[in-house]
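A quick write-up on the structure given underneath.
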Amino acid sequence: MKKIVVLMVLVLLPVGAFAADPLMEQPHWSLEVKGGRFIPAIDNWQTYYGKRYTSEYAGSLAYKITRQLEFGLEGGTIRDKGKGLAPTHGTLAGEVVYQLFPVSAFVLVRGILSENQWLVPYVGGGWTRMYYQEKIQNQTTVRGFADGSHFRAGLQFSLDGVDPGAANSMYLDYGVHHTYFFIEAERTRAVVKSVSANLGGTSYQGGLLFEF
């Protein structure tokens, strides 16, 4: 009987080790946090806001339908402050605080072939709704939204091998299989039909991706 018990333990030990190895399991979720520059499609932006670009910050959560294919939701914020023009209705104004809050539903394809792959390209796109708000000096605040679409592409770089001990701790403590640094470019188009103003533009961002 003792020999049988010992034999069962020896057989089961490798199975337990396999189940606890993040490289042998596949994650089911992706969490991203990112930030960078947004270049608006609105003409003469630099004339009224001082520079051609402004800041953008965003976060997303996606479910992996397969290891390579995922569906997710993203929310972000874009803000700038200037003088002279309220972009969505084209009238002269005083000081203007311009804010965008993009919300997107997307499909993303990642070119991942193995769990220890250090460089992964990806492409994606989907539906976007741009909520906008313009606080105009001595005038009524203008609010609204426009629907449109976006396309993105990028590269993600694995950080697992930079500090294997930290990567293992992230898995044991938080269930994070992989951590990546990524850079991406995104093009958005969302037109306010009443004034034919495109609230979209091009963004260049970097951030962190956690797969769990």
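Between segment 127-184 and segment 44-67, the C-alpha centres lie 9 angstrom from each other. Each residue of segment 120-130 is assigned a 3J(HN,Hα), and the resulting list reads 10, x, 8, 9, x, x, x, 8, 9, 10, 9 Hz, derived from the Karplus form 6.51 cos²θ - 1.76 cosθ + 1.60 (θ = phi - 60°), x at Gly and Pro. Net charge of the neighbourhood of residue 108, taken over other residues with C-beta under 14 Å away and scored Lys/Arg +1, Asp/Glu -1, is -1. Summing +1 for each Lys or Arg and -1 for each Asp or Glu among the other residues whose beta-carbon sits under 13 angstrom from that of residue 182 gives -1. Fewest neighbouring Cβ atoms within 10 Å first, the residues 158, 196 line up as 196, 158. Taking Lys and Arg as +1 and Asp and Glu as -1, the other residues whose beta-carbon sits under 9 Å from that of residue 96 total 0.
With the highest mean first, a sort of the peptides 162-175, 39-52 on other beta-carbon atoms found within 10 angstrom per residue produces 39-52, 162-175.
Bear in mind these aren't lab numbers, they're just calculated from the coordinates by the rules spelled out. Note that the structure is a prediction, hence the values are computed from the model and not measured. So basically every Cβ, Gly included, is an ideal-geometry build from the backbone, and we count neighbours across all protein chains shown.
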